[in-house]
Amino acid sequence: MINTSSLLSNKNFLYATEFFSGMSIMAVELGASRLLAPYFSSSQIVWTIIIGTIMIALALGNVWGGRRADLDADPAKLYRRLIIAALWIGAIPVLGKYLILGVAGALIVTIDTNLLIWAAFLSCMAIFVLPLFLLGTVTPSLVKYATDNLEHNGRIVGNLNAFNTIGSIIGTFLPTFITIPAVGTAITFLIFSGVLLLIDVIYFVSIGQKKVLTAILAFIILAVLGNSNSFAFWEKNLLYEGESIYNYLQVKETPDKIIFSTNVMFGVQSLKVKGGGLTGYYYDYALAAPLLAENKKILILGMGTGTFAEQCKKYFPESEIIGVEIDDKITLLAKKYFSLPESVEVVTYDGRAFLQSDKNIYDVILVDAFQDISPPFQMSSTEFFSLVRNHLAERGVMVVNMNMRGDINDYLIDTIAQSFPALRIIDSRGVTNKVLFAASDENILNELQTRAEALDDKKLSELMLHIAKTWQEPTLGENILTDDRAPVEMLSMRALDKIISNHLEHYKEIYRREGLDGVLNSF
């Protein structure tokens, strides 16, 4: 016998179910991006994987749900499916990060190429396909339950789709602008899991079934266990871990450094050396730019926590520095943990948009903006570097941080050469970064050795002399990035994949010889 309820007879509850399922779908999709981003980045590639996977799950759910509704028009079966979906979503904060690391660990010893892409795809499949498949069964099922005659069939289907769309709109904006910045990704999953479960509870209570109390108890347990925003759960020395609208944020302390990162698996975005002095990273190399400049008006596009600004103030106290940082939470961390000098002005803005509205001319412009592992495409094109050139003084110097080695650098160098005839590039010792210097006149760059020899600071002088003797004119090609075509994310992903593969080759060889026990014993 089919369970019916007065809740369904006037169709309002069906519309409410459609509304909250649509809202949950979009909330889960946005939560998926934030769950994967600290491990695999939030690049267009990862977004493509998320959207594609979710669309596949929804499509399969639509087909299967329609068939099930035709075979058995019992609404209780739909709401039982929604209980499973709600509890699965509630379990994501508890199990999601372990599944991600498990998938990544398994792939490390089994594949040689596109590790990050495969890891992101399989992680997304393992975590999100089931709940989205079940949510995909909602619309065809509700159409079956809500349609009692053909005369009003079109209107009812239109209303259901409208409620789903309105719910999707709210589910898009609410996590991005309210819940994720305020309470984090884990609590966001739990909020929407709870909302979806509430709809189920109301339905089953209305038909006199109390077995749903078990689902409520399960949700409470998941809420207690999943009430954590820690993505790097293995770290014991974190000073801060949180999220902003744009990024996962982490501040870690070591005996000699404080390190800022927007990813738990790779990359250091900024750092502070305890006791001051040179950092040993690319920031030190970039000091050649203010050394070469006649004056010291400096613009930093991609301020981060202000390592380069602090270095400039230390070695060139007369520097006038403006930093542009799109994420204001990073600026707050810079002031709290990294002793960002009060004299440094920080503007919360996109780097390119700032240049388009700014009328000032600078002696040094550092381009150090990244969206996770890759530079933003709008700050990688000929149009952008032409804009930078127009904001440089006649004897000004642009310096660009290239955070990894590979084809991405060839593209950036060829693109920059369209605006700057004089180029030099050097590897940062001990890290994957390269530092590119660009000027309008070759003679400006040729002055580095003379200026380095005149420095009073011995360590800085030695480093600048090393740069002057070892930097090179890059070989140019025809790999030009434009606003219309700038595949920086794919190029960066390939470069990072190659770096990871090179580092893991040692452990793969152990695995081939000794198996998993050998790998574990090698740590």
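Points worth noting:
- Of the candidates Tyr362, Tyr349, Tyr337, the single residue that is farther than 22 Å from Glu243 by Cβ and hydroxyl-bearing (Ser, Thr, Tyr) is Tyr362.
- Residues of the stretch 41-72 that turn out to be of a type in the set (S, T, N, Q) and at pLDDT below 90, as a count: 4
So that you can scan it fast, the table gives a plain yes or no per residue for (1) of a type in the set (D, E, K, R); (2) surrounded by fewer than 23 Cβ atoms within 10 Å (Cβ to Cβ); (3) in the same structural domain as Ala286 (by TED's automatic domain parsing); (4) at pLDDT below 95:
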{"residue": "Ala353", "(1), (2), (3), (4)": "no, yes, yes, no"}
{"residue": "Asn360", "(1), (2), (3), (4)": "no, yes, yes, no"}
{"residue": "Asp363", "(1), (2), (3), (4)": "yes, yes, yes, no"}
{"residue": "Leu366", "(1), (2), (3), (4)": "no, no, yes, no"}
{"residue": "Gln371", "(1), (2), (3), (4)": "no, yes, yes, yes"}
{"residue": "Pro375", "(1), (2), (3), (4)": "no, no, yes, yes"}
{"residue": "Met379", "(1), (2), (3), (4)": "no, no, yes, yes"}
{"residue": "Leu387", "(1), (2), (3), (4)": "no, yes, yes, no"}
{"residue": "Asn390", "(1), (2), (3), (4)": "no, yes, yes, no"}
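- Verdict on Ile25 being assigned by TED's automatic domain parsing to the domain that holds Gly184 and assigned to a helix (DSSP H, G or I): yes
- The residue list Val346, Val364 contains one member that is farther than 18 Å from Ala438 by Cα, hydrophobic (A, V, I, L, M, F, W, C) and in contact with a helix residue (DSSP H, G or I) (Cβ under 7 Å, 6 or more places away or on another chain), which is Val346.
- Condition met for Gly208 (out of contact with any His (no Cβ under 9 Å at 6 or more places or on another chain), modelled with pLDDT under 95 and not in a helix (DSSP H, G or I)): yes
Yes or no, residue by residue, for (1) at pLDDT below 95; (2) over 23 Å from the mean Cα position of the chain (by Cα); (3) closer than 24 Å to Ile49 by Cα; (4) in the same structural domain as Val63 (by TED's automatic domain parsing):
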site: Ser123; (1), (2), (3), (4): yes, no, yes, yes
site: Leu135; (1), (2), (3), (4): no, yes, yes, yes
site: Pro140; (1), (2), (3), (4): yes, yes, no, yes
site: Asn153; (1), (2), (3), (4): yes, yes, no, yes
site: Gly158; (1), (2), (3), (4): yes, yes, no, yes
site: Gly184; (1), (2), (3), (4): yes, no, yes, yes
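- Ala495 being surrounded by 15 or more Cβ atoms within 10 Å (Cβ to Cβ), small (Gly, Ala, Ser) and at pLDDT below 95: yes
- Subset tally (residues that are polar (S, T, N, Q) and in contact with a Ser or Thr (Cβ under 7 Å, 6 or more places away or on another chain)) for the stretch 239-256: 2
- Boolean, Ile89 is β-branched (Val, Ile, Thr) and touching a Pro at 6+ places or on another chain (Cβ under 6 Å): yes
- Of the residues making up the stretch 467-492, those that are surrounded by 14 or more Cβ atoms within 10 Å (Cβ to Cβ) and more than 25 Å from Tyr281 (Cβ to Cβ) are Asn479, Ile480, Leu481, Thr482, Ala486, Pro487, Met490.
- Boolean, Thr188 is part of a helix (DSSP H, G or I), among the polar types (S, T, N, Q), touching a residue at least 24 places away in the same chain (Cβ under 8 Å) and out of contact with any His (no Cβ under 8 Å at 6 or more places or on another chain): yes
- Among the conditions (1) closer than 27 Å to Ile199 by Cβ; (2) in contact with a strand residue (DSSP E or B) (Cβ under 8 Å, 6 or more places away or on another chain), the only one that Pro38 does not satisfy is (1).
- Matching residues in the stretch 449-465 - criterion: being under 15 Å from Phe316 (Cα atoms) and either assigned to a helix (DSSP H, G or I) or without any contact (Cβ under 8 Å) to a residue 60 or more places away in the chain (or both): Arg451, Ala452, Ala454, Asp456, Lys458, Lys459, Leu460, Ser461, Met464
- Residue that is surrounded by the most Cβ atoms within 10 Å (Cβ to Cβ), among those in the stretch 253-277 that are under 13 Å from Phe231 (Cα atoms) and in contact with a strand residue (DSSP E or B) (Cβ under 8 Å, 6 or more places away or on another chain): Thr262
- Screening the candidates Leu132, Leu115 for the property of being more than 30 Å from Phe204 (Cα to Cα) and of a type outside the set (Val, Ile, Thr) yields one hit, Leu115.
- Of all residues in the stretch 116-134, those that are surrounded by fewer than 23 Cβ atoms within 10 Å (Cβ to Cβ) have Cβ atoms under 9 Å from Cβ atoms of residues that are among the charged types (D, E, K, R), 6 or more apart or on another chain, in Ile117/Asp497.
- Residues considered: Pro38, Pro93. Of these, the only one that is modelled with pLDDT under 90 and in a helix (DSSP H, G or I) is Pro38.
- Restricting the stretch 280-334 to residues that are under 27 Å from Gly242 (Cβ atoms), among the acidic types (Asp, Glu) and surrounded by 21 or more Cβ atoms within 10 Å (Cβ to Cβ) leaves a set whose member that is farthest from the chain's Cα centre (by Cα) is Glu310.
The values are calculated or read from the model by the stated rules, or taken from the named source; none is laboratory data. For clarity, every value in this text was computed on a predicted model and none was experimentally measured. Cβ coordinates were reconstructed from backbone atoms using ideal geometry, including for glycine residues, and neighbour counts include every protein chain displayed.
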